[in-house]
1. I want to verify the translational diffusion coefficient of the chain in µm²/s; compute it with Stokes-Einstein, Rh as the Kirkwood radius over Cα pairs, at 10 °C and 1.306 mPa s.
2. What are the ³J(HN,Hα) values, in whole Hz, obtained from phi via the Karplus relation 6.51 cos²θ - 1.76 cosθ + 1.60 with θ = phi - 60°, for each residue of the range 132-145 in sequence order, with x given for Gly and Pro?
3. Extension gain residue 280-residue 26, at 0.36 nm per residue separation less the Cα-Cα distance, in nm?
4. Among the listed pairs 87/314; 41/141; 141/272; 141/294; 31/141, which have their C-alpha atoms separated by more than 19 angstrom in this model?
5. Tell me which aspartates and glutamates have Cα within less than 14 Å of residue 249's Cα, excluding those fewer than 8 residues away on the same chain?
6. Please compute, over every Cα-Cα pair in the range 168-294, the percentage with a separation greater than 20 angstrom.
7. For the range 228-275 and the range 131-159, what is the centre-to-centre distance using only Cα atoms, to the nearest Å?
8. Along the Cα→Cβ direction, 7 angstrom out, place labels at residue 253 and residue 97. What is the inter-label distance in nm?
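The values are calculated or read from the model by the stated rules, or taken from the named source; none is laboratory data. Keep in mind the model is a prediction, meaning the values are calculated, not measured. Backbone-built Cβ (ideal geometry, glycine too); neighbour counts: all protein chains shown. Areas reflect the complete protein model, heavy atoms only, side chains present, ligands, DNA and RNA absent. Shrake-Rupley method; radii C 1.70, N 1.55, O 1.52, S 1.80 Å.
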Amino acid sequence: MASHNNFLLHAFVWLALATTAFSLSSKFYDKVCPQALPAIKKVVQAAVHRERRMGASLLRLHFHDCFVNGCDGSLLLDSTSTMDSEKNARGNFNSVRGFEVVDQIKAEVDSVCGRPVVSCADILAVAARDSVVALGGPSWKVRLGRRDSTTASRTLADTVLPSASMDLPALIDNFKNQGLNQRDLVALSGGHTIGLSQCSIFRNRIYNATNIDPPFAKERRATCPRVGGNTNLAPLDPTPARFDTAYFKNLVKKRGLLTSDQALFNGGSTDKLVKTYSLNPDAFWDDFAKSMIKMGNIKPLTGKRGQIRVNCRKVN
């Protein structure tokens with residue numbers, strides 16, 4: 001019996017060590033390349049300074065990467081003869097952007113580190129944080145140590161990425177499947193306080209929705225006709241280049257641009273939290289940071305799994 005207990009104790013200690021060894025850490029690059037994070041920040045700040053919208057685009061890349069098989073950089077892979085890129089999925093095609101900035105970050109980081117030690121998945125996680133900060137939002141300690149996948153799945157991306165047409169129950173289920181709760185759903189949706197959306201994504205809402213402020217619908221129709229103009233852009237909230245609470249204030253006024261935005265304040269279980277965030281920026285910032293850390297922890301590849309890609313667009 002004693003030897004059995006001894007075995008269990010050793011097994012538990014080994015498991016604890018393994019978990020510690022392969023869990024993400026904000027200090028992961030402190031010794032191997034302390035210049036890595038400042039290098040990422042420098043490129044992100046320059047990119048956002050050139051085009052404020054890029055901040056929202058880089059945040060979205062991390063989100064759309066993590067929702068498909070975990071935060072593993074799979075979204076960055078281009079199509080090959082044997083693999084259809086996630087970039088071609090319904091929720092990504094002609095809408096995800098910023099890949100050239102990721103390429104610039106990768107080149108800069110590999111240069112200052114002297115070799116490829118920082119994964120593309122970690123670059124996405126840090127760039128998302130630095131983008132939010134560059135647009136006036138909160139900061140948080142990004143946990144690092146992810147490795148890059150060697151494959152991607154357009155089919156899975158088509159299935160799991162949340163759609164702009166989803167109602168609240170569908171959104172809750174979608175996030176629950178990723179281990180995220182209703183608070184995470186509302187906080188992370190607050191990322192729509194920055195950025196723009198294409199007419200084809202919100203057209204149905206501004207012409208057919210009943211839970212929409214009529215003057216707002218009329219205003220949006222001016223640049224989004226019933227036919228044509230699919231790529232015409234509209235801001236997701238009145239201050240698309242500033243990370244603030246205008247998104248939530250808009251929802252309370254029935255001025256959410258996307259169906260999935262307004263679903264958060266439509267007589268359902270998330271109304272109270274939307275109201276809280278609309279009135280309390282600190283509460284939103286705090287929860288957004290916590291939910292970003294939680295999302296960044298979705299099924300990371302660590303230890304010997306995956307690889308550190310030399311080129312974020314292709315497998316080594």
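1. 78 µm²/s
2. 4, 5, 4, 9, x, x, x, 10, 7, 7, 6, 7, 10, x
3. On the way: separation 254, 0.36 × 254 = 91.44 nm, distance 2.78 nm.
Using 0.36 nm per residue and subtracting the Cα-Cα distance, I get 88.7 nm.
4. Too far apart for the 19 Å limit: 141/272.
5. Qualifying aspartates and glutamates at Cα under 14 Å: 213, 237, 261, 271.
6. 42 percent
7. 22 Å
8. Rounded to a tenth, the inter-label distance reads 2.6 nm.
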